[in-house]
1. Among the residues of the stretch 78-99 satisfying the criterion of being surrounded by fewer than 19 Cβ atoms within 10 Å (Cβ to Cβ) and among the aliphatic types (A, V, I, L, M), which is farthest from Lys18 (Cα to Cα)?
2. Quick one: in the stretch 96-114, of everything that is in contact with an Asp or Glu (Cβ under 9 Å, 6 or more places away or on another chain) and assigned to a helix (DSSP H, G or I), which residue is nearest to His57 (Cα to Cα)?
3. Any residue in the stretch 53-63 that is among the acidic types (Asp, Glu), more than 13 Å from the chain's Cα centre (by Cα) and modelled with pLDDT under 95?
4. Which of the residues spanning the stretch 24-51 are in contact with a Pro (Cβ under 9 Å, 6 or more places away or on another chain) and more than 15 Å from Thr88 (Cβ to Cβ)?
5. May I ask you to list pairs of residues, at least six apart or on different chains, whose Cβ atoms are under 9 Å apart, with the first in the stretch 44-57 being of a type in the set (Asp, Glu) and the second being open to solvent by 10 Å² or more (accessible area, probe 1.4 Å) and at pLDDT below 90?
6. Output yes when any residue across the stretch 110-117 is touching a residue at least 40 places away in the same chain (Cβ under 8 Å) and touching a Cys at 6+ places or on another chain (Cβ under 8 Å), and no when none is.
7. Would you confirm, using the coordinates I've provided, whether Asn123 is closer than 27 Å to Ser16 by Cα and loosely packed, with under 11 Cβ neighbours inside 10 Å?
8. Criterion first (at negative phi, of a type outside the set (D, E, K, R), open to solvent by less than 20 Å² (accessible area, probe 1.4 Å) and in contact with a Gly (Cβ under 9 Å, 6 or more places away or on another chain)) does Ala46 satisfy it?
Amino acid sequence: ATESPTQSATESPTQSAKRLQRKICNELNKVGISPKSVGYRYLIDAISIIVKEPIQHICNVIGKMYGKSENSVERAMQNAINRAWNTTDINDLLENYTAKINSDKGVPTITEFIYYYAQKLENEF
């Protein structure tokens, strides 16, 4: 089912949020981030929040939502990203993640990753 531009105008905030979450899941799946990893849920929430409003200390915000420390949220998200970059076919990564990666490790930082997807998706919302 394709969505017409007018359809989103009648969409409730809940429907809009669900549609955004589906798009984020789809993008994360393309780069091989496993739905089984703890960081997957955190990344979805972080990207959803940043699409609506760029904020500082996103890991702290996510931590409060889940009753976790900022560090444990950060570690979980970075681990999910690292695992994807170490296991996903490089061509799939290059095709689906077009941002420049500044880190020496050749893996995007949490901030680079979240903002890349937030910017990519905010144009559609």
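1. Looking at the filtered set, the residue picked out is Ile90.
2. Ile110
3. Checked against the condition, which is being among the acidic types (Asp, Glu), more than 13 Å from the chain's Cα centre (by Cα) and modelled with pLDDT under 95, the stretch 53-63 yields at least one hit.
4. Passing the criteria: Cys25, Arg41.
5. Within 9 Å, no pair qualifies.
6. Among the residues of the stretch 110-117, at least one is touching a residue at least 40 places away in the same chain (Cβ under 8 Å) and touching a Cys at 6+ places or on another chain (Cβ under 8 Å), which makes the answer yes.
7. When the stated conditions are applied, Asn123 passes them.
8. no
The values are calculated or read from the model by the stated rules, or taken from the named source; none is laboratory data. All values reported here derive from a predicted model rather than from experimental measurement. Cβ atoms come from the backbone with ideal geometry, glycine included; neighbour counts cover every protein chain shown. These accessible areas exclude ligands, DNA and RNA; they are computed on the full protein's heavy atoms, side chains included. Shrake-Rupley method; radii C 1.70, N 1.55, O 1.52, S 1.80 Å.
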